[in-house]
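Before any comments, here is the structure.
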Amino acid sequence: MQKTLWLVLLGLLLCHCASESNPQQQATAETEKEVVQPPKEKNKRILFFGNSLTAGYQLQEEESFPARIQQKIDSLDLPFDVVNAGLSGETSAGGLGRIDWVLNQQVDVFVLELGPNDALRGLDLDQTEKNLRKILKRVQEKHPEASLIIAGLLAPPNMGREYTAQFAGIYPTLAAEFDTGLVPFLLEGVAGIPELNLNDGIHPNPTGQKIVANNVWQVLQSYLSE
């Protein structure tokens with residue numbers, strides 16, 4: 001009888017010890033469940049603001065040079081997302097008219113590509129420069145921490161030597177004034193080469209866009225530090 005009672009007491013003691021250890025184990029398990037991995041840092045954003053050259057005229061979305069740059073960024077596992085705000089036919093005045101709306105989003109790097117349609121129409125280049133300057137100022141006001149890059153372009157040679165020289169000078173002038181990055185000539189290695197352009201001889205085809213993307217990347221990459 002005593003032996004039986006002792007066994008019962010021993011069993012109760014063991015159960016009690018087990019019941020004391022379980023809460024600790026459960027607490028540890030619950031604590032482990034509550035350890036949540038910190039959320040992935042939100043990617044920074046590169047905004048390409050331009051005309052049909054940026055938009056990728058007559059091409060698939062993934063064939064435009066901004067999309068090619070996104071592919072490059074992804075291959076390097078960099079925390080940046082590209083936004084293509086290119087609009088075919090856009091002039092500097094048109095860009096100025098829509099810039100405020102476009103800037104209603106996160107912008108960490110702003111790439112400006114506008115002006116060729118002004119030159120194609122023979123517009124007053126003093127006004128073109130003023131419009132581009134105002135666009136850059138709007139970006140600085142809305143996103144003072146954003147890095148700025150300007151894509152340089154050339155006017156058609158049939159516009160005359162003085163006109164083309166003035167046009168080409170707009171981009172380095174603004175780059176120096178705003179201390180921006182400068183792509184000397186966006187279409188370097190593509191302009192005037194039939195096999196790299198569409199039938200219109202103006203807009204890069206998919207192969208040409210790859211070269212344009214590389215031209216931009218040479219300048220852009222230094223602005224993509226984490």
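Details
- Under 5 Å, built H, 5+ apart or other chain: amide partners of Arg45: Asp81, Asp108, Val109
- Counting only DSSP beta bridges whose two residues both lie in the stretch 44-223, roughly 5 percent are antiparallel.
- When the convex hull of its Cα atoms is projected in every direction, mean area for the stretch 44-223 (nm²): 9.4
- Charge dipole (Cα centre; +1 on Lys/Arg Cβ, -1 on Asp/Glu Cβ; no other charges) of the stretch 44-223 amounts to roughly 220 debye.
- Take every pair of alpha-carbon atoms less than 8 Å apart whose residues are at least six positions apart; their mean separation over the length of the stretch 44-223 yields a relative contact order of 22 percent.
- Subset of Lys137/Lys210; Lys42/Lys72; Lys130/Lys210 violating a 28 Å alpha-carbon distance limit: Lys137/Lys210; Lys130/Lys210
- Sequence-ordered 3J(HN,Hα) estimates for the stretch 97-106 from the Karplus curve with 6.51, -1.76 and 1.60 and θ = phi - 60° stand at x, 10, 5, 4, 5, 5, 7, 7, 7, 5 Hz, glycine and proline given as x.
- Taken along the Cα-to-beta-carbon direction at a fixed 7 Å, the label points for Leu198 and Leu120 span 0.9 nm.
No lab work stands behind these numbers, since they all come straight from the coordinates. Since we're looking at a predicted model, the values are computed, not measured. FYI the Cβ positions are ideal-geometry reconstructions off the backbone, even for glycines, and counts take in every protein chain you see.
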